[in-house]
Amino acid sequence: MNPRHYVDLKDGSRDLQPTYYFMINCLLYSRMETGLVSNQDCYDEDVNVYLAHLLHSFINPEYVEQSKKFLSRYDTDVFRRLSTSTDARLKYLIYKTNADFLLVSIGIFDNPAAAAGAARKAQQPSEEAYIGRGKTYYHFAYTYAQQMQRKNQGVSEVLEKLSVGFEKYIRILSHMRGEYLDLVKRLSSGEVYHLERSVNEHSQQELLRLKQDELLELYSAWREDPTRERQASLERVVGEIRQINPEFKFELPKS
């Protein structure tokens, strides 16, 4: 299946349509159904286009992978990365990417951190804090976009509107999530179980691969300089690998 296309089952022709059309249609219906129609407070049809392209981008694994290098979980990490930089474009990309991911995380994925257990909630920022961060990040992205070439003028105006109306666009995306994108309600409990199991198995295999790479690096270092500290690190990693794969066997050569 090509994730950039979909089939509208209500269309008798069953022709493939660009996924962007699905996103923009769902977004516009959501605006009407929430009463937050376009151009109500200001001209914001350009925001509709931006949001539809943003949601469409999340279907592309390459976009998500490329965005990782700009993402930071905490404000302090973002500010630390920017403290020594004088590159307006880099600052723009970092603020814009983090704002985009916060918007989609809260609006479409219902802020996973807020859905955690009570003990964990006490350690996590509230949804209001996340919204505040999103508004601030979009404002800074707008500021740095203004410092760049004029060809970004249209984007900078959208970023300013997203900063000012962040809560409004969260409401629109939240409605879109519930009415058009909430796959969990459409899946049976058995399908959800198998989906979660598949994701968990993939995560375990990825963790196993990383631990095996770490073991090889530690073993190479131990062979060059077999200290007790390095031996202890090797034993720790071996134990972690055996928790994932109990059949794993590894012994250091006897001196």
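The values are calculated or read from the model by the stated rules, or taken from the named source; none is laboratory data. All values reported here derive from a predicted model rather than from experimental measurement. We place every Cβ from the backbone using ideal geometry, glycine too, and count neighbours over all the protein chains shown. Side chains included, ligands, DNA and RNA excluded: accessible areas come from the protein's heavy atoms. Shrake-Rupley method; radii C 1.70, N 1.55, O 1.52, S 1.80 Å.
Looking for whichever is open to solvent by 30 Å² or more (accessible area, probe 1.4 Å), among the hydrophobic types (A, V, I, L, M, F, W, C), in contact with a helix residue (DSSP H, G or I) (Cβ under 7 Å, 6 or more places away or on another chain) and at pLDDT below 90 here; the options are A122, A114. Which one fits?
Values: A122 fails: in contact with a helix residue (DSSP H, G or I) (Cβ under 7 Å, 6 or more places away or on another chain).
Just one listed residue meets the conditions, A114.
Scanning the range 68-109 for residues that are closer than 21 Å to F166 by Cβ and either in contact with a Pro (Cβ under 6 Å, 6 or more places away or on another chain) or part of a loop (DSSP other than H, G, I, E, B) (or both) yields L71, S72, R73, Y74, I108, F109.
Is the range 51-67 home to any residue that is farther than 19 Å from F22 by Cβ and not in a helix (DSSP H, G or I)? So far as the range 51-67 goes, no, none of its residues is farther than 19 Å from F22 by Cβ and not in a helix (DSSP H, G or I).
Here's the yes/no breakdown for (1) in a loop (DSSP other than H, G, I, E, B); (2) open to solvent by less than 60 Å² (accessible area, probe 1.4 Å); (3) closer than 29 Å to A99 by Cα; (4) modelled with pLDDT under 85:
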position: I172; (1), (2), (3), (4): no, yes, yes, no
position: V199; (1), (2), (3), (4): no, no, yes, yes
position: L207; (1), (2), (3), (4): no, no, yes, yes
position: R236; (1), (2), (3), (4): no, no, no, no
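To keep it simple, each residue is scored yes or no on (1) open to solvent by 20 Å² or more (accessible area, probe 1.4 Å); (2) of a type in the set (D, E, K, R); (3) closer than 18 Å to R177 by Cβ.
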position	(1), (2), (3)
I24	yes, no, yes
S67	no, no, no
R89	yes, yes, no
T97	no, no, no
